[in-house]
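The block underneath contains the structure these notes are about, expressed in structure tokens.
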Amino acid sequence: MRSGKRVAAALSGAFLGVLPALAAEPAAKEGATAASFDLTTMLFVFMLATFIGLGVITRVSRLLHTPLMSLTNAISAIAVVGAIVITGAKHPPIITILGAVALFASMTNIVSGFLITDRMLKMFKTQERRKP
Amino acid sequence: MRAQVVQLAYLVGSALFIFALYWMNDPKTARRGVVAGVAAMLLAVVGTLIQPEIVNWGWIAGAVAIGVAVGVPLSWVPLTAVPQRTALSHAFGGLAAGLVGTAKFYLWVQEGPENLTPFRMTAIVAEILLGYLTFTGSLMAAGKLQELRWIPQRPVTYRFQNLSNLTLLGVAVLCGIALIVKPVELAYLFPVVIGLSLAFGVLLIIPIGGADMPTVISLLNSYAGLSAVAMGFVLDNKLLVTAGALDGSSGLILSIIMCRAMNRSFANVLFGAFGQVQASAAAAEKKNVKSETAEGAAQIMEQASLVVVVPGYGMAVAQAQHRVKELYEQLTKRGVDVRFAIHPVAGRMPGHMNVLLAEAEIPYEKLVEMDDINHDMPQADVVLVIGANDVVNPAARHDKSSPIFGMPIIDADKARTCFAIKRSMNPGFAGIENELYYADHTYMLFGDAKAVVGELVKSLAGSGVGVH
């Protein structure tokens, strides 16, 4: 069962890999066909990732639900990618400021999320390991 | 070429995120999960930074520096404050999604209206609705958890509350649909949607009480994830969609677990305004409560072979977890088997009690889930309830008129002797009488949890009986 999950993760990783290659360069201006093609790939990615998420998360130890939540916080701060693109590209100042605030917020989540998750996980010890 | 490298980095990042969550299935491998997560994040950030359109390095460096400066201290909060920190980071997540959606919308309105396809607009509207309502909702939740003075702790209810909230949301959605149809002409509706969404977030949390916080935090976690998914659709970024979907499904599963642990539905948690309705009729009959001294309780515990501790939010409030550890050591030294019974909704967020007890260096194999410990409850000589209330109320099993009827509980009443640490006989947050306190074999230990457990430890250490 465990190895099955691992295989599923690997397979879906491979699947996700094919998608960007297929959809690599459809420029925005190519019109309706390109846009709708992209839409379905994105929906596919969303659906598969949701199922992987449900599968993986149901197996997370109940002991670790608090660290799980701070870890997923940090992971969803992947919004940093969008914030970087908005902040970094040449845009009117007001847009840059919006992006910079978003970048600040995501960065805070990344840093504090990973650090506090690790801090909490360090505390979970078994009886044997505690004894010198 | 560069585009492919970036996509490849995103691909590896997605896989690493999945592994990060996969490794959380066991405390032994969990720290590896953090490493995988950090690696994935680095890949994603570097992959984005090498894109040619990135030129504003000053702004990026500044925002990152401030983010790090705020983030590092936020990770040092005491573990009792972890629920508020978590809520705060959901707020940041929602804000980031909302702001990116806003920026993208105005950029496209000005520079490329042809980009505002109905599909993109749907994604943008979803992103700002979810993002901004998560932002204010989570800020409110964090404020309630932090017990800020200007945020009401008790659920605030008023007439037609649900109706007006839903109307507000309905108007926001209608404006959103109008924007999807005519994004450029109706661009003035965009700030309206933002405003309504911000307001809805506040109004959604106002009627929610402390006991429901675990569910609400999980739900906001899910919203924060979904807003990242929507951002992924807007920016056409598969990594964002993947990571957001992982976060969204995690929040969803946690909320389902929390709802099940309270035998309630989502709708009931969000719109039920728990803890207001019942001005309990059971309080009418005056019942007898027996109390016991710490010395007496310590003597009985010393003789026991199995002691089950049921911690609740009261233990967190009193910061009693380190005293509990001392108690655990004293009893274990005497050959007593001590276990901890963890109810899924004990505390203010999922897993809250586990983290507090782990901080106090109690080995995690002693922390037992409700369903597993209930089998052993009839064999337990002593149950010690520390700051828990509703999760041990037997009324949930048989009293159909009780607001918590049907909620799975820890069977503390089935143990031979029950000690309950409580400040006074005032009913708890939800205002429900707990009949466990009136049972024949229950003895109250009145006082602050930290002080009472401290006295227990002192009497055990002082007596010295049975020390090998």
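Where a number appears in this text, it was derived from the coordinates with a stated rule and is not lab data. Quantities reported herein were computed from a predicted structural model and do not represent experimental measurements. All Cβ positions, glycine included, derive from the backbone under ideal geometry; neighbour counts span all protein chains shown.
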Expressed as a whole-number percentage, the relative contact order of chain B with C-alpha contacts under 8 angstrom and at least six residues apart is 14
The ³J(HN,Hα) series, computed from each phi in the stretch B:253-270 with the Karplus coefficients 6.51, -1.76 and 1.60 at θ = phi - 60°, rounded to the nearest Hz and given as x for glycine or proline, is 5, 4, 5, 5, 4, 5, 4, 4, 5, 10, 6, 9, 9, 3, 4, 5, 5, 6
Amide H neighbours of B:Ser291 at under 5 Å, excluding residues fewer than 5 places away on the same chain, with H built from the backbone geometry, are B:Met444
Mean per-residue count of partner chain Cβ within 10 Å for B:212-224 equals 1
For chain B, the longest principal axis of the Cα atoms and the Cα long axis of helix B:118-146 enclose an angle in degrees, to the nearest 10, of 30
Simple spin-label estimate for B:Trp76/B:Asp399, 7 Å along Cα→Cβ, in nm, reads 4.6
Ranked from fewest to most other Cβ atoms within 10 Å of their own Cβ, B:His90, B:His398, B:His352 fall in the order B:His398, B:His352, B:His90
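By counting other Cβ atoms within 10 Å of each Cβ, how are B:Val109, A:Val80 ranked from fewest to most?
B:Val109, A:Val80
May I ask you to sort B:Phe17, A:Phe51 by Cβ crowding, counting other Cβ atoms within 10 Å and putting the fewest first?
Going from least to most buried by this count: A:Phe51, B:Phe17.
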To the nearest 20 debye, chain B has a Cα-centred charge dipole, built from +1 on Lys and Arg Cβ and -1 on Asp and Glu Cβ, of 480
If one compares the long axis through the Cα atoms of helix B:449-463 with the longest principal axis of the Cα atoms of chain B, the angle in degrees, nearest 10, works out at 40
The alpha-carbon center of the stretch B:371-423 and that of the stretch B:190-205 are separated, in whole Å, by 41
Highest mean packing first, using Cβ neighbours within 10 angstrom, the peptides B:179-192, B:33-46 sort as B:33-46, B:179-192
With +1 on the Cβ of every Lys and Arg and -1 on the Cβ of every Asp and Glu, the dipole magnitude of the stretch B:288-463 about its Cα centre, in debye rounded to the nearest 20, is 300
From the cross-link list B:Lys144/B:Lys422; B:Lys366/B:Lys450; B:Lys144/B:Lys366; A:Lys122/B:Lys144; B:Lys28/B:Lys422, the entries with a Cα-Cα span beyond 25 Å are B:Lys144/B:Lys366; A:Lys122/B:Lys144; B:Lys28/B:Lys422
